[in-house]
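The values are calculated or read from the model by the stated rules, or taken from the named source; none is laboratory data. Here the structure is a predicted model, which is why all the values come from computation and not from measurement. Counting neighbours? That spans all protein chains shown, and the Cβs are built from the backbone with ideal geometry, glycine included.
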Ligand code: HEM
């Protein structure tokens, strides 16, 4: 049995428990339930970290070289991003929706066919370690731990994806809450979540993180492509879709500058943006042929 | 009369142009247009990922049918990222950025420079979404000093005025954040400029080189030689890396040698060589295996290897042979009298050899691996050569490209990074405070704005008010 898969199973169980606890907090609004939920989310984050670490040990390189590994990274970043947000804003009920997204992601990762999960050596195109780092670390005989464009590109992109996923969750909550607020209806279930105005602002803040990270991901991809493929841009479907996604979020940001586009329309744009992210991540990998190895 | 009419017509004309001009200007100055262009770019880009790009035209007809196929070709969807309309859309975005910046930047700059308000109407404070009034049991002067201290500690810039029992404080922080969006926009223009330079002055192509080959590039003064090609494997047998050892030769001198692999190109005078491809050569061998035999007598065969282009003595005979040609998939063009390879695959391997008797060239036949002995190798002789096998040699597929716009793109990307940090993580906060004493307590009004992230601002205001009220 591969250790990383053991940790994965463990994390999966905890994500289900975490989601249940947050949902329970939402419904019953008991403080202790909220505390348990946060604690479980931390344990799940620890387990996810262990999946990544053990996978790095098993494969001998950064755990970002196939679809399953990148899913774990996405889950890790979403969970970490959520916990940071909870720590800053102290709104716990949002956890129910974010953790549902994460659990769904866990489920889809676990259903991947084995060839997407296997421990594999890096193929030639993915070997991109930074020379300066390799030579620096080799002074202490640690050169195997040097990272490169693969690691940087994937991690920055996935932090972006995670922020967009959180923004998506918040946009859904916004639409729910706004619907009842505008009808002046009090719905007990929705009292635990913050006002729609706050949700709108938080959804925007998540995009304000995701947008630059996606940009750094795109630029680092371009730098890498300039080493690997003979040019910084070749309109490969993955590249193009990342640009499409980026344009949608750029439209979102400008829509906010022209006041009228906050609230509902902004929420729809955020949802559209996340749909593009999902296609960028899974759709392109499975439907459109291209130069990208995976993900 | 005529004068008047002419003048009137001129006036009309001028007005017409002016209104048209300002109409276009207003149109280009609109953020709604920006949103529209961004969405249009996103939406149209999808076509290019769904429809194969740069395929032969017949393929579109075959795949999509007559009507749709022709529509695709007619609208350039087969090469859409380079089509006039897609480029037009990008140009439109650039013009939109320029107009927006020209229109908005100067007043913004001015208001950022001349922002200080030493005196203001206290009623202004209540107009802000974030404002508070509280009364404090301390003298106005003490409240002012305490506030200034707190604001400075929070790294706000401050000006204050007033005296006696009435004071005004204006404080600000993060003005530079306002320029983040402008930096971002300028960076986009830079990146587009880099792409433009690249598309005008850059080029990209690929070559296949056999080990030992030297090629000359038409636009460059130097030559490139492939010294070696090899593959590294993991212990598990997976391919680890493809490598080529390349030498640059300029003015007859070897000026540079470098091992390249996927992710590690060679860069010489702006021309970059990338490891892109490899395979078994279809027009060269390392060595061929030949059999020399008597046409009728049994048991006379001797088999021996012959290295490429190297004269080799045939054992126990007066002959020597040389392998001078190879094609993996032999074909013959009768019109041009040319031998060529139909494909890269060894479907019909053939070699051309030269047979010498001493110094004299006796014959130079083609021999076929799949058809041994169909043509005699040496005319009017009892002896024959048969081609029985070979050891291939690698070719290395190299891509090469030159793009003088690349560095402009990198500069643009760096500027964009700075712009993002300024736009998203430095918030422009402005705080107005009015302090007025009256009897035992002092009344303090505080209010202000932040350009984004109202949460952060609420925290600021809370911390400032707490610091004075806790006295
Ligand atoms: C791909 C294209 C573009 C990108 C990536 C981009 C990026 C940005 C960013 C990151 C911001 C800051 C947003 C924020 O603070 O929330 C911004 C603001 C803005 N952008 Fe753009 N922009 C683009 C095109 C344009 C164009 C074509 C215009 C022309 C009208 C424009 C006008 C503005 C304006 C007026 C602001 C607000 C300025 C301010 O807050 O002071 N943008 N843009």
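The single condition among (1) farther than 17 Å from residue B:378 by Cα; (2) surrounded by fewer than 20 Cβ atoms within 10 Å (Cβ to Cβ); (3) modelled with pLDDT under 85 that residue B:296 does not meet is (1).
Condition check ((1) more than 16 Å from the ligand (Cβ to nearest atom); (2) within 14 Å of another protein chain (Cβ to nearest Cβ); (3) modelled with pLDDT of 90 or more) across all residues:
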{"residue": "B:49", "(1), (2), (3)": "yes, yes, no"}
{"residue": "B:53", "(1), (2), (3)": "yes, yes, no"}
{"residue": "B:67", "(1), (2), (3)": "yes, no, no"}
{"residue": "B:86", "(1), (2), (3)": "no, yes, yes"}
{"residue": "B:91", "(1), (2), (3)": "no, no, yes"}
{"residue": "B:124", "(1), (2), (3)": "yes, no, no"}
{"residue": "B:136", "(1), (2), (3)": "yes, no, no"}
{"residue": "B:152", "(1), (2), (3)": "yes, no, yes"}
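Within segment A:136-162, the set of residues being within 14 Å of chain B (Cβ to nearest Cβ) and over 24 Å from residue B:235 (Cα atoms) comprises A:149, A:152, A:153, A:156, A:159, A:160. Here residue A:215 fulfils each of the conditions (1) within 11 Å of another protein chain (Cβ to nearest Cβ); (2) over 22 Å from residue B:412 (Cα atoms) apart from (2).
Screening segment B:227-285 for strands (runs of 3 or more DSSP E) wholly inside it with 3 or more residues that are farther than 30 Å from residue B:389 by Cβ and touching a strand residue (DSSP E or B) at 6+ places or on another chain (Cβ under 7 Å) returns the ranges B:239-250, B:253-261.
Do we find that residue A:276 is without any contact (Cβ under 8 Å) to a residue 24 or more places away in the chain, out of contact with any strand residue (DSSP E or B) (no Cβ under 9 Å at 6 or more places or on another chain), buried (at least 20 other Cβ atoms within 10 Å of the Cβ) and in a helix (DSSP H, G or I) in this structure?
Details: without any contact (Cβ under 8 Å) to a residue 24 or more places away in the chain: no; out of contact with any strand residue (DSSP E or B) (no Cβ under 9 Å at 6 or more places or on another chain): yes; buried (at least 20 other Cβ atoms within 10 Å of the Cβ): yes; in a helix (DSSP H, G or I): yes.
Judged against the criteria, residue A:276 is not a match.
Where helices (runs of 4 or more DSSP H) sit wholly within segment A:63-140, those with at least 3 residues that are free of Cβ contacts under 8 Å to residues at least 24 places away in the same chain occupy A:67-89, A:131-138. Tell me which residues, restricted to segment A:240-267, are touching a residue at least 24 places away in the same chain (Cβ under 8 Å) and over 13 Å from residue A:207 (Cβ atoms). Matches in segment A:240-267: A:241, A:242, A:243, A:244, A:263, A:264. Residues that are over 24 Å from residue B:53 (Cβ atoms), modelled with pLDDT of 90 or more and more than 7 Å from chain B (Cβ to nearest Cβ) occur in segment A:233-250; there is at least one. The residues of segment B:334-345 that are surrounded by fewer than 18 Cβ atoms within 10 Å (Cβ to Cβ) and within 25 Å of residue B:392 (Cβ to Cβ), listed by number, are B:338, B:339, B:340, B:342, B:343, B:344, B:345. Here B:57, B:124, B:33, B:89 are screened, and the one residue that is at negative phi and exposed (fewer than 13 other Cβ atoms within 10 Å of the Cβ) is B:57. Residue B:459 meets the conditions (1) touching a residue at least 60 places away in the same chain (Cβ under 8 Å); (2) within 14 Å of chain A (Cβ to nearest Cβ); (3) assigned to a helix (DSSP H, G or I); (4) more than 16 Å from the ligand (Cβ to nearest atom) in every case but one. The failed one is (1).
The requirement of being crowded, with 16+ Cβ neighbours inside 10 Å and closer than 29 Å to residue B:438 by Cβ is satisfied by residue B:158.
Scanning segment A:243-268 for residues that are crowded, with 22+ Cβ neighbours inside 10 Å and away from the ligand (no atom under 13 Å from the Cβ) yields a single hit, A:267. With respect to (1) outside any helix (DSSP H, G or I); (2) farther than 23 Å from residue A:160 by Cβ, the lone exception for residue A:38 is condition (1). Assessment of segment B:401-416 against the conditions (in contact with a strand residue (DSSP E or B) (Cβ under 6 Å, 6 or more places away or on another chain), assigned to a strand (DSSP E or B), within 14 Å of chain A (Cβ to nearest Cβ) and under 30 Å from residue B:220 (Cβ atoms)) yields at least one matching residue.
Candidates in segment B:438-455 are the residues that are at pLDDT below 85 and away from the ligand (no atom under 14 Å from the Cβ); of these, the one that is nearest to the other protein chains (Cβ to nearest Cβ) is B:455.
For the condition assigned by TED's automatic domain parsing to the domain that holds residue B:440 and either within 50 Å of the chain's Cα centre (by Cα) or away from the ligand (no atom under 16 Å from the Cβ) (or both), residue B:101 does not qualify.
Every condition in (1) more than 14 Å from chain B (Cβ to nearest Cβ); (2) surrounded by fewer than 20 Cβ atoms within 10 Å (Cβ to Cβ) is met by residue A:223 except one, and the failing one is (1).
When B:187, B:181, B:199 are screened for being at pLDDT below 90, within 14 Å of chain A (Cβ to nearest Cβ) and in a helix (DSSP H, G or I), only B:199 passes.
For segment B:157-165, check the following and say yes or no: at least one residue is away from the ligand (no atom under 16 Å from the Cβ) and under 45 Å from the mean Cα position of the chain (by Cα). Yes, segment B:157-165 has at least one match.
Is segment B:384-399 home to any residue that is in a loop (DSSP other than H, G, I, E, B) and at pLDDT 85 or above? Checked segment B:384-399: no residue is in a loop (DSSP other than H, G, I, E, B) and at pLDDT 85 or above.
Kindly establish whether residue A:165 is more than 14 Å from every other protein chain (Cβ to nearest Cβ) and assigned to a loop (DSSP other than H, G, I, E, B). Answer is no for this residue. Looking across segment B:229-272, the residues that are within 29 Å of residue B:346 (Cα to Cα), facing another protein chain (nearest Cβ under 9 Å) and within 25 Å of the chain's Cα centre (by Cα) come down to B:241, B:242, B:261, B:262.
Residues that are surrounded by 23 or more Cβ atoms within 10 Å (Cβ to Cβ), more than 9 Å from chain B (Cβ to nearest Cβ) and either away from the ligand (no atom under 16 Å from the Cβ) or at pLDDT 95 or above (or both): does segment A:198-205 have at least one? Looking for residues that are surrounded by 23 or more Cβ atoms within 10 Å (Cβ to Cβ), more than 9 Å from chain B (Cβ to nearest Cβ) and either away from the ligand (no atom under 16 Å from the Cβ) or at pLDDT 95 or above (or both), one finds at least one in segment A:198-205, hence yes.
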